[in-house]
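Undergrad: Pasting a structure here, questions to come.
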Amino acid sequence: MTERHEPALVLAVGGGLAAVRTDAGEERIAKFAGRLDRRPVAGDRVQLFIEADEGGRIDVIEPRSTELRRQQRMRSEGERAMKEQVLAVNAECVLIVASIADPPLRRGLIDRILVAAWRGGMEPLLAITKADLTGRAEQDPELVLADYRAIGVAGVVIDVRTEAGADAVRELIRGRTTAVVGHSGVGKSTLVNALTAGGQTTGAIHELSGRGRHTTTTATWLDMPGGGALIDLPGLRSFSLAGITPADLARAFGDVAEASEQCRFSDCRHVGDDGCAVERLVDPARLASYRKLLIELQEG
Ligand SMILES: Nc1nc2c(ncn2[C@@H]2O[C@H](COP(=O)(O)OP(=O)(O)O)[C@@H](O)[C@H]2O)c(=O)[nH]1
Ligand SMILES: [Mg+2]
Ligand SMILES: [Zn+2]
């Protein structure tokens, strides 16, 4: 077979190799050209150099329309270093999956992913799972949803184990390419399986796993029957952002800003101040998340 270049999609990456699918529908395992200035990520559009029946080499990574990034704290020689990690690229939206209980819903993680989604050019969406466990939850899932709706984030409350749950999410993401993120244990895999009708891993990803090169610690591209795709991310324990800007904070906490207009004093700090409307109107857990991010902003 003659040497050629073919456009392809990166399905998964692991150990210096990628599972890719050419636009002609052929799946291959690809190496990376030495001259690449960045690592390919699931969702990347690439030019694949093919010279043999098997394999290929990623020569070019096309410009990305979106990037979901986080910071990883690393300890190097006693010094605290930050390294940026690109989790998924070219997704149109980010579906944040959070259970209302078991494990309990954590606003901090949701708010951080929101900021990262908006920063990276994606629409954040929220799926609150385990609706059936609302009785033992600390918060009412519908009220949580309402808080996020107020800042422009659409969402659903679902029991993932029902057909209706998967349908509600399918409606929310409507055939778009969606990065799926959440703390582990929230029901993300259950949801992803339902959305991908069993979630068969494609040939090349399977082969990459077989070679011990792809584990569930990196993103995986999954097609959805009827259109659209998921970029399934591993369960996140934490989600760090670096260099939070006032604009990031304003966007993610428009409700806090709005409530603050009703505080008695214009210089209200919303920490036990007389006549504070923010403390009266904003959910305490949400306010706690705001304060944490505000401190990070002030610390730069
Ligand atoms: N009660 C209840 N359990 C769920 C729901 N969704 C998932 N689970 C259970 O939660 C556990 C973790 O689910 P899994 O999909 O593996 O979560 P992941 O770690 O986020 O991928 C499993 O035992 C699921 O059966 C739900 O909506 N309601
Ligand atoms: Mg899982
Ligand atoms: Zn106030």
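The values are calculated or read from the model by the stated rules, or taken from the named source; none is laboratory data. Because the structure is a prediction, the values reported are computed rather than measured. Positions of Cβ are generated from backbone atoms using ideal geometry, with glycine treated the same way; all protein chains shown enter the neighbour counts. Just the protein is used for accessible areas: all its heavy atoms, side chains included, with ligands, DNA and RNA removed. Shrake-Rupley method; radii C 1.70, N 1.55, O 1.52, S 1.80 Å.
Undergrad: When every alpha-carbon pair in the stretch 94-172 is counted, what percent end up more than 17 Å apart? Write out the running numbers ahead of the final one.
TA: Numbers: 1283 of 3081 pairs.
Roughly 42 percent, rounded to a whole number.
Undergrad: Of the heavy-atom accessible surface of the stretch 85-232 (probe 1.4 angstrom), what whole percent is carbon and sulfur?
TA: Of the solvent-accessible surface of the stretch 85-232, carbon and sulfur hold 50 percent.
Undergrad: Right, another one. So what is the 222 nm mean residue ellipticity for the chain from helices alone, if each DSSP H run of at least 4 adds -39500 (n - 2.57) and you divide by all residues, rounding to the nearest 500 deg cm²/dmol? Write out the running numbers ahead of the final one.
TA: On the way: 9 runs with 84 residues, N = 300.
The per-residue figure over the chain is -8000 deg cm²/dmol.
Undergrad: For the stretch 246-299, treating each Cα as an identical point scatterer without solvent, what Debye log10 I(q)/I(0) comes out at q = 0.14, 0.24, 0.25 1/Å?
TA: -0.32, -0.96, -1.03
Undergrad: Measure out, as a whole number of angstrom, how far apart the alpha-carbon centroids of the stretch 107-125 and the stretch 255-300 sit.
TA: So the two Cα centres are separated by 20 Å.
Undergrad: I'd like to check one number: the per residue accessible area of the chain, probe 1.4 Å, reported in Å² as a whole number.
TA: On a per-residue basis, the chain sits at 49 Å².
Undergrad: Among Asp102, Asp232, Asp223, whose mean-square fluctuation peaks in a Gaussian network model of the chain (Cα, cutoff 10 Å)?
TA: Greatest mean-square fluctuation among the candidates belongs to Asp102.
Undergrad: Right, another one. Could you let me know the centre-to-centre spacing of the stretch 149-172 and the stretch 183-249, using Cα atoms, in angstrom?
TA: What the calculation gives is 18 Å, centre to centre.
Undergrad: Would you mind calculating the relative contact order of the chain from Cα pairs under 8 angstrom and at least 6 residues apart, reporting the percent as a whole number?
TA: Relative contact order of the chain: 17 percent.
Undergrad: What number do you get for the stretch 165-257 when its Cα radius of gyration is normalised by 2.2 N^0.38 Å, N = residues? Numbers along the way, then the final one.
TA: Values: Rg = 16.1 Å, N = 93, 2.2 N^0.38 = 12.3 Å.
Compactness ratio reported: 1.31.
Undergrad: Taking the 0 to 90 degree range and rounding to the nearest ten, how far is the long axis of helix 107-119 tilted relative to the main principal axis of the chain, both from C-alpha atoms?
TA: That helix lies at roughly 60 degrees to the long axis.
Undergrad: Let me ask something else. Just to verify a number: what accessible area does Tyr290 come out at with the full protein assembly present, 1.4 Å probe, Å² rounded to tens?
TA: Rounded to the nearest 10, that gives 40 Å².
Undergrad: Once neighbouring chains are kept in place and the probe is 1.4 Å, which whole percent of the accessible area of the stretch 246-299 is contributed by carbon and sulfur?
TA: Numbers: 1620 of 3330 Å².
That share works out to 49 percent.
Undergrad: I've got another one for you. If the reach is capped at under 28 angstrom between alpha carbons, list the lysines near Lys130, excluding any in the same chain fewer than eight residues apart.
TA: By straight Cα distance, Lys130 reaches Lys188, Lys292.
Undergrad: For the stretch 85-232, state the average projected area of the convex hull of the C-alpha atoms over all orientations, rounded to one decimal in nm².
TA: Quarter of the Cα hull surface area: 8.8 nm².
Undergrad: Antiparallel DSSP bridges in the stretch 85-232: what percent, to the nearest 5?
TA: Bridges in the stretch 85-232 are about 15 percent antiparallel.
Undergrad: Lone cysteines in the chain, going by a 4.7 Å Cβ-Cβ cut-off?
TA: Within the chain, the cysteines lacking a partner Cβ under 4.7 Å are Cys93, Cys276.
Undergrad: How would Lys292, Lys188 rank on accessible area, largest to smallest, probe 1.4 Å?
TA: Solvent-accessible surface, decreasing: Lys292, Lys188.
Undergrad: Right, here's the next one. Taking N as the number of residues in the stretch 206-297, what value does Rg over Cα atoms divided by 2.2 N^0.38 Å take? Spell out each step's value before the answer.
TA: Working: Rg = 20.7 Å, N = 92, 2.2 N^0.38 = 12.3 Å.
Dividing the Cα radius of gyration by 2.2 N^0.38 Å gives 1.69.
Undergrad: Determine, for each peptide in 54-64, 204-214, 113-123, the mean count of other beta carbons within 10 angstrom over its residues, then list the peptides with the highest first.
TA: Working: 54-64: 15.7, 204-214: 17.8, 113-123: 21.5.
Ranked from most to least packed, the peptides come out as 113-123, 204-214, 54-64.
Undergrad: May I pose another question? On the Cα set of the chain, report Rg and Dmax in Å, please.
TA: Final numbers for Rg and Dmax: 21.1, 78 Å.
Undergrad: With a cut-off of at most 15 other beta carbons within 10 Å, and DSSP calling the residue loop, which trypsin sites (Lys or Arg not before Pro) in the stretch 243-282 qualify? Please list them.
TA: Of the trypsin sites (Lys or Arg not before Pro), the ones in loops of the stretch 243-282 whose Cβ has at most 15 other Cβ atoms within 10 Å are Arg264, Arg269.
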